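Have a look at the structure below before the remarks.
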Amino acid sequence: MFLDIITSALGLIVPPAFDFIKKKFIKGKDDSPKATISSLAVTKPEVLPDYIKAYSSLVDACIREYNKDVIAGQQLSVWVCDLRASIRPIFTVISIALMFTATMMQLNIDPSIKSLMELTISSWFGSRLI
C-alpha cells in the first residue's frame, strides 16, 4: 500500500520537479548558433558564409550519426517511426487497463510488476504536467 503511494507520488512529482530545477537553477549558455550568427553578422560579416557552411556540415554529420541504423542511407519508413513513438503510450495504456482489470476483478499482481506499472502511469502523467 505504502509502496504504491510512494511510487505513484514519485512518478508524478519527479519529472516536473526535475524540469523546474533545471530551468530555474541551471542556466544555459547563450552560445547558440543563432547568437553566433547574429554576432558575426554585426562584427565580421565576411566570415559569416564560412561559418554557415561549416555549421550546416556539422548538422548534416549529426543527422547521419543519428540515422546510422538506417541501411544504405534509406529513410526510415513511416511505420517504423510511428512504432518507435508509440511504445511508451501503448505501455501506459496497457498498464492502466491491467491495473483497472486487476482492481475490478480483485486479482493479485506481483508487487514489482504493480510498482512498475504505477511508475509508468504516474511518470507519463507527471511528464504531461510540465
### Query
Counting trypsin sites (Lys or Arg not before Pro) as exposed when in a DSSP loop with at most 13 other beta carbons within 10 Å, what is the longest stretch of the chain free of them?
69-130
### Query
Could you give me the ³J(HN,Hα) list for region 17-25, computed from phi with Karplus coefficients 6.51, -1.76, 1.60 and θ = phi - 60°, whole Hz, x at Gly and Pro?
5, 4, 5, 4, 5, 5, 6, 7, 10
#### Entry: Check: the chain dipole with +1 on Lys, Arg Cβ and -1 on Asp, Glu Cβ, in debye
300
### Task
Would you calculate a helix-derived [θ] at 222 nm for the chain, using -39,500 (n - 2.57) for each DSSP H run of n ≥ 4 and dividing by the full residue count, to the nearest 500?
-26000 deg cm²/dmol
### Query
Based on Cα positions only, what radius of gyration and what Dmax would you give for region 74-116, in angstroms?
15.1, 50
### Query
Using θ = phi - 60° and the Karplus curve 6.51 cos²θ - 1.76 cosθ + 1.60, what whole-Hz ³J(HN,Hα) does each residue of region 4-12 get, with Gly and Pro shown as x?
4, 5, 5, 4, 5, 5, 5, x, 7
### Summary
Calc'd 3J(HN,Hα), region 37-52, phi into Karplus 6.51 cos²θ - 1.76 cosθ + 1.60 (θ = phi - 60°), Hz, glycine/Pro = x, comes to 4, 5, 5, 5, 4, 8, 8, 9, x, 6, 9, 4, x, 5, 5, 5
### Lysine pairs with alpha-carbon atoms under 23 Å apart, the chain, spacing 8 or more or separate chains
9
### Query
Please state the relative contact order of the chain as a whole percent: Cα pairs under 8 Å, 6+ residues apart?
61
### Query
Please state the Cα pair-distance histogram of the chain with 5 angstrom bins from zero: what percent is in each bin?
2, 8, 10, 11, 10, 11, 13, 11, 8, 6, 4, 3, 2, 1, 0
### Task
Neighbouring Cβ atoms within 10 Å as the yardstick, rank Ser8, Ser57 fewest first.
Ser57, Ser8
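Since every read-out is calculated from the coordinates, none of them should be taken as a lab result. A quick note: this is a predicted structure, and the numbers were derived from the prediction, not measured. Positions of Cβ are generated from backbone atoms using ideal geometry, with glycine treated the same way; all protein chains shown enter the neighbour counts.
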